[in-house]
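What follows is a structure written as structure tokens; I'll ask about it next.
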Amino acid sequence: MFKNYDELISFVNDRKIRIIDFKVVTLDGKWRHLSIPSTRLNEKIFTDGIGFDGSSYGYAAIEASDMIFIPDVATAFVDPFCEVPTLSMIADIYETNGKNRRFEGDPRYIAKKAQEHLKSLDIAEEYVIGPEFEFYLFDHISYEVKGNHQEVLIDSIEAPWNSNNKEYNQGYKMPFQRGYHAALPYDITNDIRSEMCLKLEEMGVPVKYHHHEVGAAGQLEIEVELGEMLTMADRTLLSKYIIKNTALLHGKTATFMPKPIFGEAGSGMHVHMLLKKDGKNIFYDKDGYSNLSKTALYFIGGILKHAPSLLAFTNPSTNSYKRLVPGFEAPVSICFGTSNRSSVIRIPGYIKDSQKTRFEFRPSDGTCNPYIAYSAMLMAGIDGMVNKIDPRDEGYGPYDVNVFELPKDDRDKIKALPKNFEEALNALFNDKEYLLQGGVFTEDFIKNWIEYKYNNEIMKVLPVPTPLEYQLYFDA
């Protein structure tokens, strides 16, 4: 939004901004924030920074947790959800060594290093991506986990299970798994989505479109236009912020959880991608398979080769793998194809503009830290380009058929994605060299990621019996 401190302070005075807010991303990919009165705003904040506890963000041990953050004025936006006029901006993380040295594990810094690494190889100048945001909008969610009681209660007014609701019912309920592009009067969240999209547009996030998704209990999608990777990572967190807070204003709650409802479609965050050099899309070749250049195919080859370890960053939750199962349009087979939603890499068949020729990575979901996930995808693609990994030679396809409908013998020939989060973390442990190139990721960061996720998520989920296990094993 601003180029320097002078522009910032002028805006604050002209718009009578009362609060300055700073947002810092955690290891998990969530925003935390700290605010100051605008009267306390001064130029030293942008040189000396503000101290915080890095251990609370997942970055450091308690005994060595002092860090500072320095705001990036270019990311500033007026927060539409604050009653007091508030200007917010994203901050970068630095070590407290007296030299203002960037913290190697700062996700924004990892993304910047990945972009610089790409440029240093003289392959391309821009990594352009476009995420699709799938999420559920519920009217109620409550949960409890105790030794003697486990419960999750979800409700959505539009869900088919409310067809017999005696208290409030006008008859229009979304048919099970038939919500894709549903129209009014079934699509009761249309105006809420429109409001979300207009807020995004006002805050500099161009929106491609919005619509109801497959899930009948309020699954929705907003897709934004393509943009440079670091910008899109910032926009990913901003988009989730807008979606969640707008939902609350309407008495609803939004979740990007990959599989919140048993039996319903899961929510992914597909990522479209292409590379540009000298302003031209180097993924395009009119004579190539599906108009893709050899460079694009090599990029695909790198992503597919490293897909198991990639999922440790793109699908970093135990719940992610309840979505990645056959039968729900979520891929489980490591392959590529045109217009094929059952493959890890899908090349959209509807694109006619050579400048927009691209492909999408379909497994990823909203639990990821976008800076880390997008950077890891880029590093896998770079490895494919540098080592000329042709996905056709590696047996990854193309598969222009529904992989789920192939005979079992043919299906078994295709390598599979990890079946759970622990498998993905193990794959990362054994396949990380491509991430370390150019100093983009570090050994310490990857080690910390694996330990943090294993101890704080896998080991919390693993010992908890589920109601289904009682159904299966109580009479053992």
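Laboratory data are not the source of any read-out in this text; all were calculated from the coordinates shown. For clarity, every value in this text was computed on a predicted model and none was experimentally measured. So basically every Cβ, Gly included, is an ideal-geometry build from the backbone, and we count neighbours across all protein chains shown.
Can you pull the one-decimal nm distance between simple spin-label points at Ile351 and Glu195, each 7 Å off the Cα toward Cβ?
Modelled inter-label distance: 3.5 nm.
Quote to one decimal, in nm, the extra length available between Asp122 and Ser339 on full extension: 0.36 nm per residue of separation minus the C-alpha distance between them.
Working it through step by step, the gained length comes to 75.0 nm.
Measure of size requested: the Rg and Dmax of region 345-459, with Cα atoms as the atom set and Å as the unit; please supply both.
Taking only Cα atoms of region 345-459, I get Rg and Dmax of 16.6, 48 Å.
For region 391-400, just list the computed ³J(HN,Hα) in residue order, Karplus coefficients 6.51, -1.76 and 1.60, θ = phi - 60°, integers in Hz, with x standing in for Gly and Pro.
x, 6, 6, 8, x, 8, x, x, 10, 9
Between beta-carbons, use under 9 Å as the cut-off and find the net charge around Phe135, counting Lys and Arg +1, Asp and Glu -1. Please report the intermediate quantities before stating the final value.
Details: positive: Lys240, Lys244; negative: Glu134, Glu213, Glu221.
After counting each charged neighbour, the total is -1.
Taking the mean number of other Cβ atoms within 10 Å as a proxy for protection, how do you rank 44-53, 375-384 from highest to lowest?
375-384, 44-53
Once you have the Cα-Cα distance between Lys280 and Lys388, take 0.36 nm times their residue separation minus that, and quote the gain in nm to one decimal. It would help to have the intermediate numbers written out before the result.
Numbers: separation 108, 0.36 × 108 = 38.88 nm, distance 2.08 nm.
Extending this stretch completely gives an extra 36.8 nm.
Okay, next question. Going by Cα centres, region 8-45 and region 188-223 are how many Å apart?
27
Report the Cα centroid-to-centroid distance between region 341-359 and region 427-476 in angstrom, as an integer.
31
Just flag the trypsin sites (Lys or Arg not before Pro) in region 419-461 sitting in loop per DSSP whose Cβ has no more than 15 other Cβ atoms within 10 Å.
Lys419
Taking the alpha-carbon set of region 180-334, what are its Rg and Dmax in Å?
According to the Cα coordinates of region 180-334, Rg and Dmax are 17.6, 52 Å.
Please report the projected area of the chain's Cα convex hull averaged over all directions, in nm². Write out the running numbers ahead of the final one.
Details: hull surface 104.0 nm².
With every direction weighted equally, the projected area is 26.0 nm².
What do you get for trypsin sites (Lys or Arg not before Pro) in region 69-104 restricted to DSSP loop and a cutoff of at most 12 other Cβ within 10 Å of the site's Cβ?
Here the trypsin sites (Lys or Arg not before Pro) that fit, given the DSSP loop and packing criteria, are Lys99, Arg101.
Let me have the relative contact order for the chain, percent, based on Cα pairs under 8 Å that are six or more residues apart.
Values: 920 pairs, mean separation 67.2, N = 476.
Answer for the chain is 14 percent.
Just the number: Rg to Rh for region 5-103, Cα atoms, Kirkwood Rh, two decimals.
Rounded to two decimals, Rg/Rh equals 0.99.
If I model a spin label at Thr466 and Cys82 as a point 7 Å from the Cα along the Cα→Cβ vector, what separation in nanometres do I get?
Placing both labels 7 Å along Cα→Cβ, they lie 4.0 nm apart.
Then there is this: For Ala183 and Asn456 in one chain, what is 0.36 nm times their gap in residues minus the Cα-Cα distance, to one decimal in nm?
So the chain would gain 94.1 nm between Ala183 and Asn456.
Give me the net charge for the shell around Asn169: Cβ to Cβ below 15 angstrom, other residues only, Lys and Arg +1, Asp and Glu -1.
-2
Let me ask something additional. Looking at this model, which pairs from Lys208/Lys460; Lys119/Lys356; Lys252/Lys356; Lys30/Lys252; Lys352/Lys419 are more than 29 angstrom apart at the alpha-carbon?
Violating the 29 Å limit, Cα to Cα: Lys208/Lys460; Lys252/Lys356; Lys352/Lys419.
I'd like to know how region 117-223 sits against the 2.2 N^0.38 Å rule of thumb: what's its Cα Rg over that expected value?
Numbers: Rg = 19.2 Å, N = 107, 2.2 N^0.38 = 13.0 Å.
Ratio of Cα Rg to 2.2 N^0.38 Å: 1.48.
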